1. Residue check: is residue 427 in a helix (DSSP H, G or I), touching a residue at least 40 places away in the same chain (Cβ under 8 Å), more than 17 Å from residue 232 (Cβ to Cβ) and touching a helix residue (DSSP H, G or I) at 6+ places or on another chain (Cβ under 7 Å)?
2. Go through the residues of segment 407-415 one by one and say whether even a single one is surrounded by 23 or more Cβ atoms within 10 Å (Cβ to Cβ) and hydrophobic (A, V, I, L, M, F, W, C).
3. Any residue in segment 37-57 that's more than 12 Å from residue 134 (Cβ to Cβ) and in a loop (DSSP other than H, G, I, E, B): show its pairings with residues that are at pLDDT 95 or above and open to solvent by less than 20 Å² (accessible area, probe 1.4 Å) at Cβ separation under 6 Å, as long as the two are six or more apart or on different chains.
4. I want to confirm something. Restricting to segment 87-113 and keeping residues that are of a type in the set (Phe, Trp, Tyr) and in contact with a Ser or Thr (Cβ under 7 Å, 6 or more places away or on another chain), which single residue is farthest from residue 77 (Cα to Cα)?
5. Looking only at segment 112-135, which residues are buried (at least 19 other Cβ atoms within 10 Å of the Cβ) and in contact (Cβ under 8 Å) with a residue 60 or more places away in the chain?
6. Taking segment 32-49, which residues are of a type in the set (A, V, I, L, M, F, W, C) and in contact with a Gly (Cβ under 8 Å, 6 or more places away or on another chain)?
7. Looking at segment 60-136, what strands (runs of 3 or more DSSP E) fall wholly within it and have at least 2 residues that are within 17 Å of residue 147 (Cβ to Cβ) and not β-branched (Val, Ile, Thr)?
8. Do we find a residue being closer than 28 Å to residue 360 by Cα, open to solvent by 10 Å² or more (accessible area, probe 1.4 Å) and modelled with pLDDT of 95 or more anywhere in segment 331-345?
Amino acid sequence: MGSSGRDRLVSQRLLEYVYRRPVKALILGLNYLPESTSIGPYTADLAEYLLDRGHDVRVVTGFPTAPQWKVWKGYEGKLFMRQVIRGVPVTRTYLYVPRHPKKALQRILFDCSFAVSAFIGSLFGKSPELVIVISPPLQLSVTAFLIRKLTRARVFLEIQDLVPDAAIAVGALREGSRAVRIARVLERFAYRTAESIGVICDGMRYNLISKSVPEQKVSLLPNYIDMSFMRPASGQNGFRHLTGIGREQFLVMYSGSIAGKQGLETFVRAGAEFEADPNVTCCVIGDGPYLPELKKTADALGLQRFQFLALQPRELLPAQLSAADVLVITQRTTVRDVVFPGKMLYYMAAGRPILASVSKDSETGRFIQDHAVGLVVAPEDPVLMADAIRWMKSHPEETRQFGLNGGRVVSSKFDRNVVLEKISTHLEKQVMER
């Protein structure tokens with residue numbers, strides 16, 4: 001090897017050493033373990049991975065409320081709380097929890113309460129070199145900005161949902177309203193003050209670039225899944241027996257949070273088509289603010305066989321999803337590039353086909369079609385959804401192939417270790433290049 005080759009090798013190894021020196025990192029995120037829905041598990045995975053790489057990581061988060069919008073038993077009545085979860089120091093801070101979370105003003109107050117209390121909570125610990133903001137809520141960008149003023153830390157903004165675009169898409173906010181005008185100002189502030197921004201899908205990246213965010217500032221850093229945990233299991237794994245669902249039933253399942261953006265009434269109305277069919281069972285497993293409304297829809301339709309099951313313990317998730325013949329995703333017509341549902345990764349890891357009632361040109365619709373992991377039908381059309389269920393039931397080989405494709409896609413593109421390595425390297429470089 002020539003001297004120039006040796007010099008390049010030495011430089012490369014020196015850079016690797018510098019990038020891997022311990023970094024004092026502060027993660028600000030509304031959700032964290034033991035919450036098993038929402039973004040909590042992803043935030044915990046990131047914190048634990050950075051800790052395992054030798055970094056000095058701490059987390060400031062809220063008290064667990066997801067998905068019922070109620071502070072969990074054992075956490076009530078507290079302003080602040082310190083814990084160590086799987087080796088990660090965690091500070092929990094006050095949340096104003098709304099009685100009516102579907103009301104926009106109460107949701108805004110919820111987000112603002114955490115932004116303020118998180119700033120106070122961040123003061124009790126070492127000064128960070130890097131602040132990692134998990135958004136939403138966008139208000140955390142102000143929290144991070146204030147921390148940066150005090151500590152000169154760099155700010156990395158990780159976007160899981162686009163605000164206020166997602167709220168507008170589901171009708172929670174109206175474009176042009178005062179709330180949206182304020183949110184747009186906050187959005188521009190967040191994008192401007194972060195040194196680097198991570199998004200979980202291409203649609204979000206294009207959305208930010210269209211808003212004049214510099215292209216080089218935005219990186220595609222997708223969500224991920226622990227393949228050692230989320231392994232496919234036999235469809236006859238005991239979960240059906242546990243929940244009283246027959247072995248021979250064609251089981252169509254939705255699993256996850258029940259919120260406005262899902263538009264799950266489409267699935268309930270599609271389920272009405274199978275009320276007289278003893279061979280098909282449709283069920284929703286989960287919780288959230290729209291669950292009572294969903295049950296009212298089922299009652300109004302006179303459904304006796306459509307099942308609503310409580311959110312199951314996280315350790316049962318592989319068996320639960322593997323018990324299904326088809327796994328469901330629904331979205332409202334107006335949802336386009338603002339959402340990439342994390343549940344899709346779990347569905348694919350379970351090796352089960354996906355039936356998506358979503359816009360074909362949405363981020364979700366394009367992904368499912370491009371990777372042949374399921375069927376896509378028009379959103380908010382229960383008749384088309386019911387027809388798709390019948391087709392999948394009557395074409396078992398094609399349907400099974402969708403599930404096999406999904407397993408291959410998720411293991412090659414979304415494996416926890418591969419994606420977290422990419423994210424961690426990105427963050428380490430951001431600190432070292434200051």
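1. Values: in a helix (DSSP H, G or I): yes; touching a residue at least 40 places away in the same chain (Cβ under 8 Å): yes; more than 17 Å from residue 232 (Cβ to Cβ): yes; touching a helix residue (DSSP H, G or I) at 6+ places or on another chain (Cβ under 7 Å): no.
Answer is no for this residue.
2. Yes: one or more hits.
3. Close Cβ pairs (under 6 Å, with a partner that is at pLDDT 95 or above and open to solvent by less than 20 Å² (accessible area, probe 1.4 Å)) amount to 55/25.
4. Top of the filtered list is 96.
5. 114, 118, 121, 122, 128, 129, 130, 131, 132, 133, 134 - these are the residues of segment 112-135 that are buried (at least 19 other Cβ atoms within 10 Å of the Cβ) and in contact (Cβ under 8 Å) with a residue 60 or more places away in the chain.
6. 33, 39
7. Details: elements: 80-85, 88-93, 130-135.
In segment 60-136, 130-135 are the strands (runs of 3 or more DSSP E) which contain 2 or more residues that are within 17 Å of residue 147 (Cβ to Cβ) and not β-branched (Val, Ile, Thr).
8. Looking for residues that are closer than 28 Å to residue 360 by Cα, open to solvent by 10 Å² or more (accessible area, probe 1.4 Å) and modelled with pLDDT of 95 or more, one finds none in segment 331-345, hence no.
The values are calculated or read from the model by the stated rules, or taken from the named source; none is laboratory data. The structure presented is a predicted model; accordingly, all values stated were derived computationally and were not measured. All Cβ positions, glycine included, derive from the backbone under ideal geometry; neighbour counts span all protein chains shown. Remember, those area values only see protein heavy atoms, side chains included, never the ligands or the DNA or RNA. Shrake-Rupley method; radii C 1.70, N 1.55, O 1.52, S 1.80 Å.
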